[in-house]
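What follows is a set of notes on a single structure, which appears directly below.
Derivation of every value follows stated rules applied to the coordinates shown; laboratory data play no part. These figures come from a predicted structure and were not determined experimentally. Methodologically, a virtual Cβ is constructed for each residue, glycine included, from the backbone with ideal geometry; neighbour enumeration extends over all protein chains shown.
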Amino acid sequence: MKFFHLGFTCYLPVMAGLLMFLSCHNTVTKEIPVYEKEISDTVKVLLRKAAAQQTADYQQAFSYYEDAIRVAKQSDDDAGLVAAYRNIVFTCGVLMNEYDRALTISDSAIAFAHQLGDANTLCDFYGVRALVYQVRGDVDSASDNYKTALEYMEQDTAPDSLKNWPLYLNAADLYSTLDNQLMAIEYTWIYIQNYAEKRKDTARLVTAYNNLSMYYTRKKDTAQAESNILKSYYWMRSMPSHINADAVYSNLTNMYNAKRRFDSALLYGQKRLDLNIMLKDNVGIARSYAGIIEIAANSGDKQLAQRIIREHNPIAYFETEKDLPVQDRQPLFDGYYKMYDLLGKQKNAYYFLQIAYKAERKVHEMAQNNKLEQFELERKRVMTQNAILSNQLKIQHKNITIAFLIIVSICLVIFIYSIWYEYKRRLTFHKKQIEMLEQEKQWNKTISVLEGQLEERNRISRELHDDLGASLTSIALASNIIRTKNKQESDNELDLIHAAASKLITTLNEIVWSLNSSNDSLFGLVAYIRKFASGFLDSAGIALETNEQLPAQDIVAPSRIRRAVYLTAKEALNNIVKHSKATKVVIAFSVTNNMLDIIIRDDGNGLQHESKNSGGGNGMKNMQKNMSLINGRCNITEENPGLSVQITIQL
């Protein structure tokens, strides 16, 4: 169990990664947003053809959009596919009223948008799906989809000009239908401030302010209703006369009629009528007359009633206009009833009252049939969703089983591997322990040898200093005493003995200094060179200047390095005294990254002509040789005046 615990702990991150992979294997890496991509030329052509047919032949437009979807899928044109999906759902659901077909296509579009992971596209697709539900009359589904679309709009990072701001206008219309006028007004203001006003889009400003007027009217805020419809009328005057004008004139007519300002109501009612006559819109003409008839009935203006009957003969009109929608016939018939009743023509009034009731019953029947149709569609949709959910549950159960087996297999493999890994780890650990014990024995043996060598160096140093040093000192003193007692001129033999003894004493001191382990330091080396240079140059009458840039902490300098560096520096100073005719010497000591640099510079006459031709004397060769033995460098350069010797060694 201990093996299992150790191995399983080591491989928990591996299991977590594998589980994350199993749960997220369908995740698609986000690409650049669709709105930044270009639609291919082929798809553009098909979209333009569809747009050209969208107001004339819905079915032909639908076919072009289907072709655009097919081509966009084949060419991996995401931007083209998004545009085609958006337009085909609108055409099929809003214009053709084929709701089921539109929602089926919308399902595919939304699935594709989720694969893209693009909030801008998801907002558009859920918005047009909500519009299809709204046109069908399914306000609950429309409301849910508008909420989803607005949630994605909050996540949308596209520039404001590319966001789906008209979504707020459609949602406002839905909330007004649900008698939530406050929410409708709030959404319309968001649309105006964030989109219509910023873009200076006159047509959309006319629509938005006109809608606001209707919402305030339903809220019974007549002051705001009048203010906003006048704003709509103001913006409408800068546009072509037929764009959005019918809705504005209708709203103005109804508003002034409700306020019993019949002159103003009649003015805008007549403008609406003239507009629809110019556009040859028979349905619009009928609706305009219905509005004017309402003014005549409310005002009790018999002359206006007679004028309407003369201009718009109801009998002749109904014989020619069979395509007038039923929902528009009922208010028109009811208006004629009121006019004939006002004129005292009860027979005609009764006739139109009867057909008004028939039209109203027809409207109720259509509404009932529509509700039944919606119920049947909803039932089919629920059944379809249940079937899909059932299949998804089966697939999910199968996937869970497969995933469980995979996880169990992975855990088993990890468990076995953990045991094997722990066994190998312990075996390796024991081997390393044995190797470390062997290394420790070897290290102790090496330390013992080194300690013995160090002790031997110190012993030789002491014996040289105590025995040989004392003897040489005695010889030098004795020769000097003999020469003093004789009081004669200098004896060459005694002078030679005294000089040789003094030189041997100096050499011996140097050997003793290099052998003694207590002197194995950088500071000791620098001090010894500085001391020698000071005495040597002073006796030769040459001034000395030293510069030191040393670290705060001392550095170990082994015996062989100290001796080679000292001998090289000594040889350089000896050459200066013998050949350079210098008056001043500068010695600079510096250490950078454990690299020791000693620069000895004089102001003498530099290298002699013969030395240049011969490649330098024996002294220079000895200096190069000393440094090469310790992997150091000795660079000699001639300056003006003098010579510079640079000694470099890694400590």
| field | Binned Cα-Cα distance frequencies in segment 520-650 - 5 Å width, integer % | value | 2, 10, 22, 24, 20, 13, 6, 1, 0
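Suppose the chain between Lys380 and Gln270 were pulled fully straight at 0.36 nm per residue; how much longer would it get relative to their current alpha carbon spacing?
Answer, rounded to one decimal: 34.8 nm.
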| Met183 versus Leu651, label points 7 Å from Cα toward the beta carbon: distance in nm? | 8.2
| request: Would you please name the chymotrypsin sites (Phe, Trp or Tyr not before Pro) within segment 26-91 that are DSSP coil residues with at most 11 other C-beta atoms within 10 Å of their C-beta? | output: none
| message | With unit charges on the beta carbons (Lys and Arg positive, Asp and Glu negative) and the dipole taken about the Cα centre of segment 31-164, which residue among Val34, Leu81, Tyr126 sits farthest to the positive side? | response | Leu81
| field | Magnitude of the charge dipole, segment 31-164, Cβ model with Lys/Arg +1 and Asp/Glu -1, debye to 20 | value | 400
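Looking at the P(r) of segment 168-219, how many percent of alpha-carbon pairs lie beyond 18 Å?
22
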| said: Which three numbers, in whole Å and largest first, are the semi-axes of the equivalent ellipsoid of segment 31-164 derived from its Cα gyration tensor as √(5λ)? | reply: 21, 20, 12
| query | Based on the Cβ-Cβ distance of Arg310 and Ala258, what FRET efficiency does E = 1/(1 + (r/R0)^6) give at R0 = 25 Å, to the nearest 0.05? | reply | 0.40
| field | By average C-beta atoms within 10 angstrom, highest first, the peptides 439-445, 638-644 | value | 638-644, 439-445
| Hey, rough spin-label estimate for Val45 and Val586, points 7 angstrom out along Cα→Cβ, what's it come to in nanometres? | 8.5
| Exactly which trypsin sites (Lys or Arg not before Pro) in segment 159-263 are in a DSSP loop and have at most 15 other Cβ atoms within 10 Å? | Lys200, Lys220, Arg237, Lys259, Arg260, Arg261
